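Peer 1: Sharing a structure here in structure tokens format.
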Amino acid sequence: MSAASIAALAAELAAGRRSARELAEDALLRAERGAALNSFIRIDADGARAAANAVDAQRAAGAAPSQLSGIPFAHKDIFCTRGVATTCGSRMLRDFVPPYDAQVVERLASAGAVSIGKTNMDEFAMGSSNENSAYGAVANPWDTARVPGGSSGGSAAAVAAGIVPFATGTDTGGSIRQPAAFCGVTGLKPTYGRVSRHGMIAYASSLDCAGVLARSAADCAVVFDAIAGFDPRDATSVARPAEATLALLDQPLAGLRIGVAREYFGSGVQAGVGERVHAALAELERLGAVLVDISLANAHHAIAAYYVIAPAEASSNLARYDGVRYGHRTAQARSLDELYSLSRAEGFGSEVQRRILVGTYALSAGYYDAYYLRAQKVRRLIANDFAAAFAEVDLIAGPTAPTTAFRLGEKAGDALAMYAADVNTVAVNLAGLPAISVPAGLADGLPVGLQLIAPAFAEARMLNAAHQLQQATDWHLQEPAA
Amino acid sequence: MNARMKPAASAWQAVIGLEIHAQLSTASKLFSGASTAYGAEPNTQTALLDCAMPGTLPVPNREAVRKAIQFGLAIDATIAPQSVFARKNYFYPDLPKGYQISQYELPVVGAGRLRVRVDDGRVIEVEIQRAHLEEDAGKSVHDAFHAETGIDLNRAGTPLLEIVSAPVLHSAAEAVAYMRTVHTLVRWLGICDGNMQEGSFRCDCNVSVRRGSDAPLGTRTEIKNVNSFRFVEKAIEYEIERQIRALENGEAIVQETRLYDPARHQTRSMRSKESADDYRYFPDPDLPPLVIAAADIARERDALPELPQARRERYVAQLGLPEADADQLCADRATADYFEAVLAVLPGQAKLCANWVLGEVAASLNEAGIEIAAAPVSAAALAQLLARLREGSISGKIAKDVFAAMWAGEGSADAIIEARGLRQISDSGALAAAIAAVLAEHPSQVADYRGGNEKLLQFFVGQAMKRTRGQANPQQLNELLRRALAG
């Protein structure tokens, strides 16, 4: 009884064979049965039932439903949900109940989608394995001894396990795409500015991007259309007319030029991963695409630049968690300084503390030019590389991650090894581009992701290619053994 | 005292720079929709952003940007086509985000200048290095709860324009004159209400001293948050003297933040909030660069009012007003506009109009403790009164009485003159009759006068005025009396 596609469920609802309430109950049941994965921080059964009932009532009253009305899903616990605790995977926000809804939450609610709860994640979205959650690690449904990837690990695991047909995620350095690859689902990171960040708890503001994880590119497109759009409450939101994403899905790929960046196939790439990605590229070629060998010369600087810029912004973004207004407050403080230092030491996990320290250092007088400013220059070079490449090609392809899902605990003690898991994804965030990870089959029984990167605002072209690939293959339909 | 042991204070030069914080008079905050109105119940004017709720984002208030542009144009500064909001990071309980959004490397207003008239009559040109937009912090409330500090975030996020002068001021008097000129300008432009009690206009003073104007700059201290002209003057005077005394005693000046204590007229070292603060400024990633189109600047330039400096010069050069009058009239725009509205009805009578605006009107406003905008006598009403005075229908003395009645709400000048029968007697027949009666009543004084005591003329004028209940045209009365006494 795993979740079907959004389109299939919408058809069931439209035909009156199923009600939104039934779909919600099914999803809640699956979540309960899949509790061992720890993919959810909170299940909101009451909220889900109320929302489903409302959708059913609207449908009964003859209201024209959107494609998402009545479809159950889950939100990453980074999106503020009015009246529903939003922890961001942190002890700091254990009891934080937002008084408002994020823009993404508003959009999906008004489309009639029914949230059944909040998914697990690395604390404040900092991590590539979901092991940094204050609410416990998440197991990969393909092999529960392995990580689901991160930081949107709970969302990826919940979709892969068939608990929900889609889940929201956020991607700062690969946090949607890498877990999508590890869990064998499709993960879309839109162009920076396409989806409002209003109500999305900040990690690194210039990189943070809301998106979606689903079973197919077509489902991602439906959700993308619902959440994309200008929001005056986010000054970095971009005012651009909506594109006919869905209408373009069925376009043939004849003549589509796909750049294959040689830097993405270096020595760090696991053999099975390379094979699967080449097989996917061959399939795209068979569909009419033209593969072009390209180079992204500064790709190997991306990790270093990312791990300066993101922590720098985080060190400032997370200063508000000071124990004064909301969130964890120490019981031990004897002075103002202790109120700050103890509340933060108790409330934040070690990876968050590490990044706050790194970021504070990078912004400090005397180091700013050498680190933050230099990283910004590298960022510009990386964006220039992409711009030059996109003068020649329509999309760029490569493996989403150099390896398949690693074992729980395998890299937990080695921050640098962990950071290397982001090697193919962070550059996209630095350049603000859209990218998608699509399943490319299994290597040693574990999913491999193909990453497609598009020029800014060319999500439709990218979704089209991903959809055509999925029309011709069944990799995205592969499921872990129950 | 031996001059060699204690060098004259004139050997020292004070070097002063001011950072003025002018609260921009916008309806809502710099980055949120919450109201900026003063005096509300604590924490009732706070949007989610002002409490730094997770997930909230700042959106710049275009009205605040417009006001910053207006200031920049008024000081002849370059308006940056692209300026950058930066975060100033520090922990403080009334700073909810843990950073203040300000502008650092690229401020919206670049270098400009302002001509300042100092009390001793000198005019100095003060270089302004920059003016930038920033948000105010909240307030810590120390007296509301026992042994605990309350936080009021109503003020958090209020838009400020920080106006930074170059260190080019050399005395407390120059600093105050500069501050007053800026105060006049921001009120004139309507970008700040200038209310210093409410903290809408306040200033940090950077003070150092050096031996003569060629010596390298001395170590400076910063006196924080001074909110009156007098306090600025006293604080700087004290600080200059303190520094000179310390240096003459062989002590070093410590670079520090000091607070002014108005009760003692002293500055004292503030518990330094981390004197070597590293604010880790960096561009705010939530806010794209603030782009200002040339067309927007041109539109603000076209809409800029005649500035106080220009108007003051016009009053002297074209209207022939004394500089002191021009200064006072241009101390605020409402007064100058009021004056011009009166003058419009009485062309060529600038001095008369100025006398009344700066005399009766100013005195009455002062007594009532109100602003000219709230004056019960409008410019048009005053103009009518002055017209009656000019044409000789009433005397100056009567005019003052009529003005008082107008102020008290008894009606227009004409109505009051009519109702009270105050029209001046210029009819020579009526005046002659009154004079004849006065002379008949006082034969001995008449004899004295005619005997050479011409001072008695004023006595007869007084008597005749009494008879006409003050309504006699004084010039005509003088003339007729002189003739009658001569006869």
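The values are calculated or read from the model by the stated rules, or taken from the named source; none is laboratory data. Fair warning: this is a prediction, and the values are worked out from it, not measured in the lab. Here the Cβ positions follow ideal geometry from the backbone for every residue, glycine too, while neighbour counts run over all protein chains shown.
Peer 1: Please go through (1) crowded, with 22+ Cβ neighbours inside 10 Å; (2) at pLDDT below 95; (3) of a type in the set (Gly, Ala, Ser) for A:Gly268 and return the number of the only condition it doesn't satisfy.
Peer 2: It fails just one condition, (1).
Peer 1: Can I ask one more? Within the group B:Glu441, B:Glu454, which residue is at pLDDT 90 or above and of a type in the set (Asp, Glu)?
Peer 2: Among B:Glu441, B:Glu454, only B:Glu441 is at pLDDT 90 or above and of a type in the set (Asp, Glu).
Peer 1: Name the one entry in A:Asp95, A:Asp101, A:Asp77 that is within 10 Å of chain B (Cβ to nearest Cβ) and acidic (Asp, Glu). Please lay out each step first, then the result.
Peer 2: Details: A:Asp95 fails: within 10 Å of chain B (Cβ to nearest Cβ); A:Asp77 fails: within 10 Å of chain B (Cβ to nearest Cβ).
Residue meeting the stated conditions: A:Asp101.
Peer 1: Give the residues of region A:355-377 that are of a type in the set (Val, Ile, Thr) and within 9 Å of chain B (Cβ to nearest Cβ), sorted by residue number.
Peer 2: Listed by number, the list holds a single entry, A:Thr360.
Peer 1: Scan (1) at positive phi; (2) assigned to a helix (DSSP H, G or I); (3) not aromatic (Phe, Trp, Tyr) for the single condition B:Val186 breaks and write down its number.
Peer 2: (1)
Peer 1: Which one is farthest from A:Leu318 (Cα to Cα) among residues in region A:80-92 that are outside any loop (DSSP other than H, G, I, E, B) and within 12 Å of chain B (Cβ to nearest Cβ)?
Peer 2: Ranking the candidates gives A:Thr81 first.
Peer 1: Considering only residues that are touching a residue at least 40 places away in the same chain (Cβ under 8 Å) and assigned to a loop (DSSP other than H, G, I, E, B), which ones fall in region A:96-121?
Peer 2: If the condition is that a residue be touching a residue at least 40 places away in the same chain (Cβ under 8 Å) and assigned to a loop (DSSP other than H, G, I, E, B), then A:Phe96, A:Pro98, A:Tyr100, A:Asp101, A:Ala102, A:Ala111, A:Gly112, A:Ala113, A:Asn120, A:Met121 are the ones that fit.
Peer 1: Out of B:Val377, B:Val342, B:Val361, B:Val357, I need the residue that is closer than 16 Å to B:Ala399 by Cα, in the same structural domain as B:Gly411 (by TED's automatic domain parsing), in a loop (DSSP other than H, G, I, E, B) and in contact (Cβ under 8 Å) with a residue 12 or more places away in the chain. Which one?
Peer 2: Among B:Val377, B:Val342, B:Val361, B:Val357, only B:Val377 is closer than 16 Å to B:Ala399 by Cα, in the same structural domain as B:Gly411 (by TED's automatic domain parsing), in a loop (DSSP other than H, G, I, E, B) and in contact (Cβ under 8 Å) with a residue 12 or more places away in the chain.
Peer 1: Given (1) of a type in the set (A, V, I, L, M); (2) surrounded by 24 or more Cβ atoms within 10 Å (Cβ to Cβ); (3) in contact with a His (Cβ under 7 Å, 6 or more places away or on another chain), identify the lone condition not met by A:Leu188.
Peer 2: Just one mismatch for A:Leu188, condition (3).
Peer 1: So which strands (runs of 3 or more DSSP E) are wholly in region B:210-307 and hold at least 1 residues that are under 13 Å from B:Ala14 (Cβ atoms)?
Peer 2: Qualifying strands (runs of 3 or more DSSP E): B:221-226.
Peer 1: So, in region A:310-339, of the ones that are within 20 Å of A:Val97 (Cα to Cα) and without any contact (Cβ under 8 Å) to a residue 60 or more places away in the chain, which residue ends up surrounded by the most Cβ atoms within 10 Å (Cβ to Cβ)?
Peer 2: Filtering region A:310-339 for residues that are within 20 Å of A:Val97 (Cα to Cα) and without any contact (Cβ under 8 Å) to a residue 60 or more places away in the chain, the one surrounded by the most Cβ atoms within 10 Å (Cβ to Cβ) comes out as A:Asp322.
Peer 1: Which condition number does B:Ala419 fail, the rest of (1) modelled with pLDDT of 90 or more; (2) within 30 Å of B:Val345 (Cβ to Cβ); (3) not in a loop (DSSP other than H, G, I, E, B) being met?
Peer 2: Answer for B:Ala419: the failing condition is (1).
Peer 1: While we're on this one: Can you list the strands (runs of 3 or more DSSP E) found entirely within region B:1-119 that contain at least 2 residues being within 11 Å of chain A (Cβ to nearest Cβ)?
Peer 2: B:85-89, B:99-103
Peer 1: A follow-up question, please. With A:Gly127, A:Gly162, A:Gly150 as the choices, which residue is surrounded by 24 or more Cβ atoms within 10 Å (Cβ to Cβ) and over 12 Å from A:Ala180 (Cβ atoms)?
Peer 2: On the way: A:Gly162 fails: surrounded by 24 or more Cβ atoms within 10 Å (Cβ to Cβ); A:Gly150 fails: over 12 Å from A:Ala180 (Cβ atoms).
On inspection, the qualifying residue turns out to be A:Gly127.
Peer 1: Still on this structure: For residues that are part of a loop (DSSP other than H, G, I, E, B) and modelled with pLDDT under 95, tally how many sit in region A:239-263. Reasoning before the result, please.
Peer 2: Of region A:239-263, the ones part of a loop (DSSP other than H, G, I, E, B) are A:239-244, A:249-256.
Next, only the ones that are modelled with pLDDT under 95 stay: A:239-244.
Total satisfying the criteria: 6.
Peer 1: Can you confirm whether region B:169-180 contains a residue that is in a strand (DSSP E or B) and of a type outside the set (Asp, Glu)?
Peer 2: Scanning region B:169-180, I find at least one residue that is in a strand (DSSP E or B) and of a type outside the set (Asp, Glu), so the answer is yes.
Peer 1: Pairs needed: first member in region B:230-256, more than 19 Å from B:Glu174 (Cα to Cα); second member anywhere, part of a helix (DSSP H, G or I); C-beta distance under 8 Å; at least 6 residues apart or different chains.
Peer 2: B:Ala252/B:Ala246; B:Ile253/B:Gln243; B:Ile253/B:Ala246; B:Ile253/B:Leu247
Peer 1: Against the condition over 28 Å from A:Met126 (Cβ atoms) and surrounded by 24 or more Cβ atoms within 10 Å (Cβ to Cβ), how does A:Leu433 come out, does it pass?
Peer 2: Taking the combined requirement at face value, the residue does not satisfy it.
Peer 1: Kindly check whether there is at least one residue in region B:259-272 that is within 14 Å of chain A (Cβ to nearest Cβ) and closer than 30 Å to A:Ser196 by Cβ.
Peer 2: No, that holds for no residue.
Peer 1: Which of the residues that make up region A:210-230 are within 14 Å of chain B (Cβ to nearest Cβ) and buried (at least 24 other Cβ atoms within 10 Å of the Cβ)?
Peer 2: Selection gives A:Ala210 alone.
Peer 1: Which residues, counting only those in region A:165-209, are part of a strand (DSSP E or B) and away from every other protein chain (no Cβ under 14 Å)?
Peer 2: A:Phe166, A:Ala167, A:Gly169, A:Thr186, A:Gly187, A:Leu188, A:Lys189
Peer 1: Now a separate question. Please go through region B:135-145 and give me each residue that is buried (at least 22 other Cβ atoms within 10 Å of the Cβ) and part of a strand (DSSP E or B), ordered by number. Give the steps one after another, and end with the answer.
Peer 2: In the first step, residues of region B:135-145 are kept if they are buried (at least 22 other Cβ atoms within 10 Å of the Cβ); the result is B:135, B:138.
B:Glu135, the sole residue that qualifies.
Peer 1: Filter region B:146-165 for residues that are within 14 Å of chain A (Cβ to nearest Cβ) and part of a strand (DSSP E or B); which is surrounded by the fewest Cβ atoms within 10 Å (Cβ to Cβ)? Working first, answer last.
Peer 2: First pass over region B:146-165, keeping only residues within 14 Å of chain A (Cβ to nearest Cβ): B:147-153, B:156-157.
With the extra rule that they be part of a strand (DSSP E or B), the set shrinks to B:148-152.
Details: B:Glu148: 8, B:Thr149: 14, B:Gly150: 15, B:Ile151: 20, B:Asp152: 19.
Only one residue fits best here, namely B:Glu148.
Peer 1: Which numbered condition in (1) closer than 16 Å to A:Gly199 by Cβ; (2) in contact with a helix residue (DSSP H, G or I) (Cβ under 9 Å, 6 or more places away or on another chain); (3) within 14 Å of chain B (Cβ to nearest Cβ) is the only one that A:Arg107 fails?
Peer 2: Evaluating A:Arg107 over (1) closer than 16 Å to A:Gly199 by Cβ; (2) in contact with a helix residue (DSSP H, G or I) (Cβ under 9 Å, 6 or more places away or on another chain); (3) within 14 Å of chain B (Cβ to nearest Cβ) leaves (3) as the failure.
Peer 1: Scanning region B:389-405 for residues that are assigned to a helix (DSSP H, G or I) and touching a helix residue (DSSP H, G or I) at 6+ places or on another chain (Cβ under 6 Å), which turns out surrounded by the most Cβ atoms within 10 Å (Cβ to Cβ)?
Peer 2: Selected residue: B:Val402.
Peer 1: Name the single residue that is farthest from the other protein chains (Cβ to nearest Cβ) among those in region A:298-339 being polar (S, T, N, Q) and outside any helix (DSSP H, G or I).
Peer 2: Filtering first and then ranking leaves A:Asn298.
Peer 1: Looking at region A:395-435, which of the residues that are among the small types (Gly, Ala, Ser) and farther than 18 Å from A:Ser151 by Cβ is nearest to the chain's Cα centre (by Cα)?
Peer 2: A:Gly432
Peer 1: Which of the residues that make up region B:206-240 are crowded, with 19+ Cβ neighbours inside 10 Å, hydrophobic (A, V, I, L, M, F, W, C) and out of contact with any Asp or Glu (no Cβ under 7 Å at 6 or more places or on another chain)?
Peer 2: Of everything in region B:206-240, those that are crowded, with 19+ Cβ neighbours inside 10 Å, hydrophobic (A, V, I, L, M, F, W, C) and out of contact with any Asp or Glu (no Cβ under 7 Å at 6 or more places or on another chain) turn out to be B:Val209, B:Val226, B:Phe231, B:Val232, B:Ala235, B:Ile236, B:Ile240.
Peer 1: Another question about this same structure. What's the number of the condition B:Arg220 fails, among (1) in contact with a Lys or Arg (Cβ under 8 Å, 6 or more places away or on another chain); (2) within 30 Å of B:Val84 (Cα to Cα)?
Peer 2: (1)
Peer 1: Another one. Give the number of residues within region A:231-258 that are of a type outside the set (Asp, Glu), within 14 Å of chain B (Cβ to nearest Cβ) and more than 24 Å from A:Thr425 (Cα to Cα).
Peer 2: Total satisfying the criteria: 4.
Peer 1: Scan region A:406-427 for residues that are touching a helix residue (DSSP H, G or I) at 6+ places or on another chain (Cβ under 8 Å) and buried (at least 20 other Cβ atoms within 10 Å of the Cβ) and jot them down.
Peer 2: Hits for region A:406-427 are A:Ala421, A:Asp422, A:Val423, A:Asn424, A:Thr425, A:Val426, A:Ala427.
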